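What follows is a set of notes on a single structure, which appears directly below.
No lab work stands behind these numbers, since they all come straight from the coordinates. Since the model is a prediction, treat every value here as computed from it, not as a measurement. Methodologically, a virtual Cβ is constructed for each residue, glycine included, from the backbone with ideal geometry; neighbour enumeration extends over all protein chains shown.
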Amino acid sequence: MSATLATRADPTTTLNAIFLQQFPSTAARKLETMHARDAAELLGEYPATTVTPTWARLAPGVTDKVLPFLDIDKAIALLLAMDSSPCAALLSRLSEGKRDTYLESLPAERAKELRELLQYPADTAGRMMDTRIIAFDRDITVDAVIKQLRAQKVTELHHLFLLDDELHLCGQVEIQHLALADEERSLASISVPLRGYFSPLDPEEEVIATFEKTRAGALPVVDLDFRLMGIIYQDQVMEARP
Amino acid sequence: MADRKTDMTIAFIHAHPQEAARALEQLSTNQIADLVSSLPEAEAAQLLGSMLPQYAAKLADTLATELLSNLLAQISPAQAVIILRHIAPKMRKQLVDDMPVRAKAACLLLLTYAEGTVGACMHSKAFTLPDDCSVAEALQRLAAETTVHDTGPIHVVNSQRHVRGVVQLSKLIGAAGELPLASLWDAAPLALQGQATLLSVRDNLVWVSNDSVPVLNRHQQFVGTLSHARLRQGIAELATNMLQPADSDPTSGLTEVYGSSMLALLESLGEATGLWKKKREESKR
């Protein structure tokens, strides 16, 4: 433990700083149970360097909600600490107005790189995907998921994707399995393999062909590191067909 | 906000109690007391039980006696007794007296080593280091410790308080700060059992090459050290005390333990009878 941490006045602040810095996965799971505003307020108490390891392990759906509650300097510091690909994925899930605010506050070089990553050609999976995603760590329990969904006021849920500690997509849970499973079971224990996935640059024809082949209701879009970027819904794709 | 911060700290203590305790040990006693008193009792007790005893014992100076007594009663008696041995006798007695009957009986039994045994003679406030710290952290802990007078080897213990090795102060001072303590420690000498009599360990070969030896309890946990000088002194006292002073009462300690044990037994019987009666009434209905 560093001397700086040891001399802080408030012991909870000291312990939480160590928690955020040295045990980011557990700290992220705890933050995910909080309201986005509370999580942002808590993260706002610490320097970006302390918060970054935990921030990098927060589920994508959570970072989207927490980021707007952070003051702009802290938000920019965290965005700068992220790798380009997850950072672009996070920005892509924000509203256009918010996304532009952050891009304008980032250093020009970084903003340019992110803008390029955010632009997908027409008729590709990247353009078709819905970036509002709900994903959970595979080790959390059914009970904890249901509580979090209620806290997030999720009214409709058709898919639930699972992430490992590094936030790589690693499976999915059928909603009926979630509803019927014992509360103590982990999501991993009731998960099924992915039925398919897309890269954001996959052409529209390939997307349609995959849906016809798999008969899935929704399929994920992942980046090169297999991190979840968005979801494409079968009904929307079929409705949009000429 | 304070609640959220405390929630986060509680999550840390739940998930990583040893690491939380290691971090806390490096704060001032007042800061530790502030935190412990702000936590729910279950988490506070978990934290107390995970701390090295010399740090947990310091809370006796700052924490309300009733609270500390409650917390000690919630951890295992063997752990509680290791902490209690680091506390001054008068305060220790008060803490034990304030415990619920069962915990009190268990602690009294474990605290009372018979006269002439290693446990009764050992140095119970021996300074220890956690096995997962670095050289820099070990030196920081030593510097913060005002009660280390011994320059002999320092015992290194794991989270279960089992001895992992001994580290020489000279080696510690000369080593690079970032090195793990594990790279410096030597095998600990053969340990003595607290219940063993002084006479039975007098001729132990361990004294040929060691001035100070670790003492373990029945659970093989480190409870203190016995130096050869203290052993000789203890044996000499034993010889002197063969003629018992007229005003002493050698059975008083035993009576207290016996009385508390009986109370605990009666309490258990009372609970069992109550339960039996309740079940009988339920079956009648």
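Structural remarks
- Classification of the range A:27-90 by its C-alpha gyration tensor yields a rounded form. The axis ratio a/c (a ≥ b ≥ c) stays under 1.5.
- Direction-averaged projected area, Cα convex hull, the protein assembly as shown: 34.5 nm², rounded to one decimal.
- Three-way shape label, chain A, alpha-carbon gyration tensor, a/c 1.5: oblate
- Considering only B:156, B:99, B:124, and ranking their Cα positions along the charge dipole of the range B:25-174 that arises from unit charges at the beta-carbon of Lys, Arg, Asp and Glu, the one farthest toward the positive end is B:124.
- Partner chain coverage, peptide B:8-21 - average Cβ within 10 angstrom: 5
- Amide H partners (placed H, <5 Å) of residue A:171, local residues excluded: A:162
- Using θ = phi - 60° in the Karplus curve 6.51 cos²θ - 1.76 cosθ + 1.60, the 3J(HN,Hα) couplings for the range B:233-239 round to 4, x, 5, 5, 4, 4, 5 Hz; x is entered for Gly and Pro.
- Relative packing of A:25-32, A:102-109, which averages over residues the other C-beta atoms within 10 Å, highest first: A:25-32, A:102-109
- Coil-residue trypsin sites (Lys or Arg not before Pro) of the range B:135-226, DSSP, other Cβ within 10 Å capped at 14: B:202, B:218
- Percent of beta bridges antiparallel (DSSP, the protein assembly as shown, rounded to nearest 5): 75 percent
- Residue-wise HN-Hα coupling along the range A:11-23, computed from phi with Karplus coefficients 6.51, -1.76, 1.60 (Hz; x: Gly, Pro): x, 5, 4, 4, 5, 5, 4, 5, 4, 5, 8, 9, 10
- In this structure, the residue pairs whose Cα-Cα separation is over 28 Å, taken from A:30/B:58; B:5/B:90; B:58/B:104; A:30/A:112, are A:30/B:58; B:5/B:90; A:30/A:112.
- Acute angle (nearest 10 degrees) that the helix A:72-81 long axis makes with the longest principal axis of chain A, alpha-carbon atoms: 70 degrees
- The range A:174-242-the range B:1-37 distance, computed between alpha-carbon centres (Å): 41 Å
- Rounded Å value of the spacing that divides the Cα centres of the range B:86-162 and the range B:47-71: 12 Å
- As a rough footprinting exposure proxy, the listed residues B:209, B:183, A:189 were ranked by other beta carbons within 10 Å of their own, and the order from fewest upward is B:209, B:183, A:189.
- Dipole magnitude of the range A:24-81 about its Cα centre (Cβ charges: Lys, Arg +1; Asp, Glu -1), debye to nearest 20: 220 debye
- Amide H contacts under 5 Å for residue A:137, placed H, 5+ residues apart: A:163
- The fewest-to-most ranking of A:233, B:55 by surrounding Cβ atoms within 10 Å reads A:233, B:55.
- Applying the Karplus relation 6.51 cos²θ - 1.76 cosθ + 1.60 with θ = phi - 60° to the range B:169-185 yields 3J(HN,Hα) values of 4, 4, 5, 5, 5, x, 8, 5, x, 7, 5, x, 4, 4, 7, 10, 6 Hz, where x marks Gly and Pro.
- When the GluC sites (Glu not before Pro) in the range A:176-242 are filtered for DSSP coil states and for at most 15 other beta-carbon atoms within 10 Å of their beta-carbon, the remaining sites are A:183, A:184.
- Look at the Cα gyration tensor of the range A:104-215: its axes a ≥ b ≥ c give a/c of at least 1.5 with a/b at or below b/c, and that counts as oblate.
- Backbone amide hydrogens, once placed in the peptide plane, bring residue A:218 within less than 5 Å of A:234, excluding anything fewer than 5 places away on its chain.
- Qualifying trypsin sites (Lys or Arg not before Pro) for the range A:205-242 [loop in DSSP, other Cβ within 10 Å: at most 13]: A:215
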